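The structure appears below as structure tokens.
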Amino acid sequence: MGPVSATTARPDAAGESFADLPPSPAVWCSGLRKRYRRRTAVDGVSFTVERGEVMGLLGPNGAGKTSVIKMLLGLVRPDAGEVLLLGRPGSDPFARTRVGYLPELFRYQPWLTAAEVLKLHVRLAGATVPDERRREYLAMVGLADRAGDRVGGFSKGMQQRLGLAVALVAGPELVILDEPTSALDPLGRADVRDLLLSLKDRGVAVLLNSHLIGEVERVCDRVVILDKGRVAASGTLAELLGQRELRLRLDEVGPAAAARLAAAGQVTSGGDAYTVALQDDAVIPDIVADLVGLGVRVHAVEPGRISLEERLLDILRTGHSEEHR
Amino acid sequence: MTARTVLTIAALTLQEAARRRVLRSLAVLTVVLLGLSAWGFSRIDSEFGGMTSGEAKLTAALVLNLVMFGLSLIAALGTAFLAGPTMAGETESGIALAVLARPVRRWAVVLGKWLGLVAFGSGFVVVAGLAQLLIVQTTTGYWPPDPVTGLALLAGQAAVLLTLGLLLSTAVSPMASGIVAVGLFGSTWIAGVVGGVGRALNNESVERVGTVSRMLLPTDGLWRGAMNSFQDPTLLTQFSEAFKGHPFLSPTGLTGTYIGWAGLWVFLVLALAALSFQRRDM
């Protein structure tokens with residue numbers, strides 16, 4: 001598991017953008033801390049989201065995920081710690097010029113129409129987005145035929161879809177999505193997944209907070225797991241999920257075949273089910289060929305790796321033994 | 001960029017005021033009040049035909065001030081109950097999250113809201129007040145000496161109250177901020193009346209109640225200045241006794257210093273509102 005890199009080009013106090021340096025990370029935060037009265041919500045959180053990277057923020061309820069996101073966006077004042085967004089200090093509002101945000105609590109002016117909400121956000125972002133382009137964003141989230149309707153009459157799911165369009169409309173380089181599918185039906189969730197993948201293709205950095213681990217596992221390059229306000233683990237999916245395994249259903253396994261399996265990796269077995277821990281998937285055909293050669297009857301071969309869900313539960317239950325902060 | 005934020009938020013606030021039910025309620029209340037006053041003034045003219053011209057003027061000025069007080073009350077209630085939801089309500093509901101995550105300075109958002117509310121409140125006062133003055137002129141032929149100053153001071157009164165409402169709404173819930181603002185407005189008016197009675201009785205300590213409350217919240221002071229602008233100045237010499245301690249007649253106009261203080265008051269309270277909003281966790 002790779003430690004979170006905290007080395008990054010720091011801009012000077014004036015927060016100027018330097019064209020000739022390699023682009024600074026989309027998000028860099030260090031030592032974020034926040035207390036609400038007696039309760040510590042966030043305690044020394046540091047991580048980086050590189051440009052064009054999709055990063056997942058995972059953790060149980062009350063782990064401090066939304067607080068961290070709000071501190072990144074200047075909505076909540078951290079008690080300690082620093083934030084850089086796209087290379088500019090988070091205390092400077094203009095650091096958010098190229099940032100799109102979908103809050104967990106998504107509500108938009110009920111007296112405006114969907115099209116007017118997008119227009120408002122384009123103006124506030126200081127951008128210029130032509131009419132038809134704004135309509136495309138509404139169409140992208142499935143609200144093309146509701147553009148002229150007041151938001152007050154929208155269902156929760158429709159408001160969340162509108163929120164996605166709001167987050168994306170001003171051409172952001174970083175998108176922060178806090179539970180973007182909480183009010184969506186399965187179809188809507190699939191749409192969001194496609195949307196995230198298309199953002200990734202366009203090189204837009206995404207910070208995704210989601211309870212849906214499958215969603216995170218499918219789209220995220222890296223994951224930070226928060227627990228009780230601290231970073232419990234972080235790394236790429238490969239680093240976090242680590243070893244692969246091979247699940248087999250076998251008959252007539254003689255001592256020679258058992259030895260062959262043991263040579264491939266640690267074996268656990270019960271009945272006709274065998275699981276072999278592997279370092280590399282490439283050896284699977286050889287193992288199967290050797291087993292067949294040794295007279296073993298092979299009923300099923302299923303390569304796999306432990307799921308993010310299993311890993312997350314493991315990390316949260318065993319404490320922070322592999323803490324990377 | 002910051003100017004753009006201020007103007008965008010101001011326009012949004014005006015749009016909100018125009019589209020929310022509060023505008024319709026205000027319009028209905030105003031039309032009812034104007035209609036009643038038109039009927040009342042036409043009765044004054046026909047029933048009290050035997051009055052001297054001075055008495056007729058006094059009655060017209062007095063009733064005009066009474067109706068203007070009603071209008072200023074509507075303006076105060078309307079803007080105070082708009083100011084609350086627009087700040088505290090948006091923070092509570094989460095509307096503010098998406099807006100404040102944009103590259104905007106929070107003080108610019110507060111200033112934009114304030115500008116929008118002031119434009120709305122002043123627009124209301126000017127339109128409804130002018131309609132009222134025209135009604136009085138048509139029915140009784142009375143035209144106040146300084147209607148522009150009077151309407152400007154009424155607009156100022158609404159601005160003072162909505163600034164207070166804005167400050168309160170950065171700290172407490174929308175409903176509470178509206179109620180507290182209107183409550184303070186009412187108490188200052190009553191304190192002003194008490195002060196007037198004190199002056200009529202030559203009791204300095206009672207008179208001071210009005211003076212102090214007029215400094216703490218300039219709504220009543222501005223209101224008395226506005227009343228003075230709606231009265232014919234000859235009335236004061238003719239009916240000086242009637243002016244003593246009267247809640248709807250004002251013997252003196254406003255000094256430049258007091259208007260300066262009211263301006264400074266608005267600036268300070270607005271700055272405080274911006275500061276309080278700046279420090280708030282969303």
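I'd like the residue in the stretch B:45-73 that is among the β-branched types (Val, Ile, Thr) and surrounded by fewer than 18 Cβ atoms within 10 Å (Cβ to Cβ) and, out of all such residues, is nearest to the chain's Cα centre (by Cα). Spell out how you get there, then give the answer.
So in the stretch B:45-73, the residues among the β-branched types (Val, Ile, Thr) come out as B:52, B:59, B:63, B:67.
Checking which are surrounded by fewer than 18 Cβ atoms within 10 Å (Cβ to Cβ) leaves us with B:52, B:59.
Values: B:52: 33, B:59: 23 Å.
Taking the candidates together, the pick is B:59.
Name every residue in the stretch B:149-178 that is within 18 Å of residue B:133 (Cα to Cα) and of a type in the set (A, V, I, L, M, F, W, C), in order of residue number.
The answer is B:151, B:152, B:153, B:154, B:155.
Find the residue count for the stretch A:123-160, including only residues that are within 14 Å of chain B (Cβ to nearest Cβ), crowded, with 20+ Cβ neighbours inside 10 Å and under 20 Å from residue A:199 (Cα atoms).
2
Residue B:63 passes all but one of (1) away from chain A (no Cβ under 14 Å); (2) over 30 Å from residue B:231 (Cα atoms); (3) of a type outside the set (Ser, Thr, Tyr); which number fails?
(2)
Out of everything in the stretch B:1-21 that is more than 7 Å from every other protein chain (Cβ to nearest Cβ) and in contact with a Gly (Cβ under 6 Å, 6 or more places away or on another chain), what residue ends up being surrounded by the fewest Cβ atoms within 10 Å (Cβ to Cβ)?
B:14
Would you pick out the residues in the stretch B:226-276 that are within 21 Å of residue B:211 (Cα to Cα), in a helix (DSSP H, G or I) and touching a Gly at 6+ places or on another chain (Cβ under 7 Å)?
Passing the criteria: B:226, B:228, B:229, B:258, B:262.
Restricting attention to the stretch A:99-115, which residues are within 10 Å of chain B (Cβ to nearest Cβ) and either acidic (Asp, Glu) or surrounded by fewer than 22 Cβ atoms within 10 Å (Cβ to Cβ) (or both)? Explain how you work it out, then say what you get.
Here is the first cut: in the stretch A:99-115, the ones within 10 Å of chain B (Cβ to nearest Cβ) are A:99-112.
Selection gives A:104, A:105, A:107, A:109, A:110, A:111, A:112.
Tell me which residues, restricted to the stretch A:201-222, are surrounded by 15 or more Cβ atoms within 10 Å (Cβ to Cβ), small (Gly, Ala, Ser) and closer than 22 Å to residue A:316 by Cβ.
If the condition is that a residue be surrounded by 15 or more Cβ atoms within 10 Å (Cβ to Cβ), small (Gly, Ala, Ser) and closer than 22 Å to residue A:316 by Cβ, then A:210 is the only one that fits.
When you check residue B:26 against the structure, is it in a helix (DSSP H, G or I) and either within 14 Å of chain A (Cβ to nearest Cβ) or without any contact (Cβ under 8 Å) to a residue 24 or more places away in the chain (or both), yes or no? Even if it seems obvious, please write down each step before you answer.
Details: in a helix (DSSP H, G or I): yes; either within 14 Å of chain A (Cβ to nearest Cβ) or without any contact (Cβ under 8 Å) to a residue 24 or more places away in the chain (or both): no.
No, not satisfied.
I need a count of the residues in the stretch A:161-192 that are over 24 Å from residue A:214 (Cβ atoms) and away from chain B (no Cβ under 12 Å).
Of the residues in that region, 2 qualify.
Please enumerate the residues belonging to the stretch A:169-181 that are farther than 12 Å from residue B:98 by Cα and touching a helix residue (DSSP H, G or I) at 6+ places or on another chain (Cβ under 7 Å). Give the derivation first.
Here is the first cut: in the stretch A:169-181, the ones farther than 12 Å from residue B:98 by Cα are A:169-175, A:179-181.
Answer for the stretch A:169-181, where residues must be farther than 12 Å from residue B:98 by Cα and touching a helix residue (DSSP H, G or I) at 6+ places or on another chain (Cβ under 7 Å): A:169, A:170, A:175, A:180, A:181.
Being within 14 Å of another protein chain (Cβ to nearest Cβ), more than 21 Å from residue B:181 (Cα to Cα) and surrounded by fewer than 24 Cβ atoms within 10 Å (Cβ to Cβ) is the requirement here; does residue B:102 meet it?
Numbers: within 14 Å of another protein chain (Cβ to nearest Cβ): yes; more than 21 Å from residue B:181 (Cα to Cα): yes; surrounded by fewer than 24 Cβ atoms within 10 Å (Cβ to Cβ): no.
Judged against the criteria, residue B:102 is not a match.
Here is a yes/no grid of residues against (1) under 20 Å from residue B:144 (Cβ atoms); (2) of a type in the set (Val, Ile, Thr):
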{"site": "B:202", "(1), (2)": "no, no"}
{"site": "B:211", "(1), (2)": "no, yes"}
{"site": "B:220", "(1), (2)": "yes, no"}
{"site": "B:228", "(1), (2)": "yes, no"}
{"site": "B:246", "(1), (2)": "yes, no"}
{"site": "B:252", "(1), (2)": "yes, yes"}
{"site": "B:271", "(1), (2)": "no, no"}
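Quick one: which strands (runs of 3 or more DSSP E) sit completely within the stretch A:228-325 and have at least 2 residues that are in the same structural domain as residue A:62 (by TED's automatic domain parsing) and of a type in the set (Gly, Ala, Ser)?
Working: elements: A:230-236, A:244-251, A:267-270, A:273-278, A:297-305.
Counting at least 2 such residues, we get A:230-236.
Among the listed residues B:195, B:156, B:165, B:178, which satisfies the condition of being of a type in the set (Gly, Ala, Ser) and free of Cβ contacts under 8 Å to residues at least 40 places away in the same chain? I'd like the intermediate steps shown before the answer.
On the way: B:156 fails: free of Cβ contacts under 8 Å to residues at least 40 places away in the same chain; B:165 fails: free of Cβ contacts under 8 Å to residues at least 40 places away in the same chain; B:178 fails: free of Cβ contacts under 8 Å to residues at least 40 places away in the same chain.
After applying the criteria, what remains is B:195.
Quick check on my filter: what residues within the stretch B:261-282 are closer than 25 Å to residue B:225 by Cα and aromatic (Phe, Trp, Tyr)?
So in the stretch B:261-282, the residues closer than 25 Å to residue B:225 by Cα come out as B:261-270.
Residues satisfying the conditions are B:261, B:265, B:267.
Being within 26 Å of the chain's Cα centre (by Cα) and closer than 23 Å to residue B:95 by Cβ narrows it down to one of A:146, A:123, A:189, A:107, so name that one. Give the steps one after another, and end with the answer.
Working: A:146 fails: within 26 Å of the chain's Cα centre (by Cα); A:123 fails: within 26 Å of the chain's Cα centre (by Cα); A:189 fails: closer than 23 Å to residue B:95 by Cβ.
On inspection, the qualifying residue turns out to be A:107.
Pairs, please: C-beta under 6 Å, at least 6 apart or cross-chain, first residue more than 9 Å from chain B (Cβ to nearest Cβ) and under 21 Å from residue A:233 (Cα atoms) and in the stretch A:63-79, second acidic (Asp, Glu) and in a loop (DSSP other than H, G, I, E, B)?
Every condition considered, the pairs that remain are A:66/A:104.
Which residue out of B:84, B:78 is in contact with a Gly (Cβ under 8 Å, 6 or more places away or on another chain), more than 24 Å from residue B:130 (Cα to Cα), buried (at least 22 other Cβ atoms within 10 Å of the Cβ) and more than 14 Å from every other protein chain (Cβ to nearest Cβ)?
The match here is B:84.
Restricted to the stretch A:223-240, and to residues that are surrounded by fewer than 18 Cβ atoms within 10 Å (Cβ to Cβ) and touching a residue at least 40 places away in the same chain (Cβ under 8 Å), which residue is nearest to residue A:288 (Cα to Cα)?
A:239
If you scan the stretch B:80-131, which residues turn out to be β-branched (Val, Ile, Thr) and closer than 16 Å to residue B:22 by Cα? Steps first, answer last, please.
In the first step, residues of the stretch B:80-131 are kept if they are β-branched (Val, Ile, Thr); the result is B:86, B:91, B:95, B:99, B:104, B:109-110, B:118, B:125-127.
B:86, B:118, B:125 - these are the residues of the stretch B:80-131 that are β-branched (Val, Ile, Thr) and closer than 16 Å to residue B:22 by Cα.
Looking at the stretch A:63-109, which of the residues that are in contact with a helix residue (DSSP H, G or I) (Cβ under 8 Å, 6 or more places away or on another chain), basic (Lys, Arg) and assigned to a loop (DSSP other than H, G, I, E, B) is farthest from residue A:177 (Cα to Cα)?
Result: A:77.
Please go through the stretch B:87-98 and pick out each residue that is in contact (Cβ under 8 Å) with a residue 60 or more places away in the chain and either within 21 Å of residue A:77 (Cβ to Cβ) or within 9 Å of another protein chain (Cβ to nearest Cβ) (or both).
Of the stretch B:87-98, the ones in contact (Cβ under 8 Å) with a residue 60 or more places away in the chain are B:87-89, B:91-92, B:96-97.
B:87, B:88, B:91, B:92, B:96, B:97, listed by residue number.
Go through (1) in contact (Cβ under 8 Å) with a residue 60 or more places away in the chain; (2) in contact with an Asp or Glu (Cβ under 6 Å, 6 or more places away or on another chain) one by one and return the number of the condition residue A:249 breaks.
Among (1) in contact (Cβ under 8 Å) with a residue 60 or more places away in the chain; (2) in contact with an Asp or Glu (Cβ under 6 Å, 6 or more places away or on another chain), the lone unmet condition for residue A:249 is (1).
The values are calculated or read from the model by the stated rules, or taken from the named source; none is laboratory data. Just so it is clear, the structure is predicted and the values come from calculations on it, not from any experiment. Ideal geometry is used to build each Cβ from the backbone, glycine not excepted, and the neighbour counts take in all protein chains shown.
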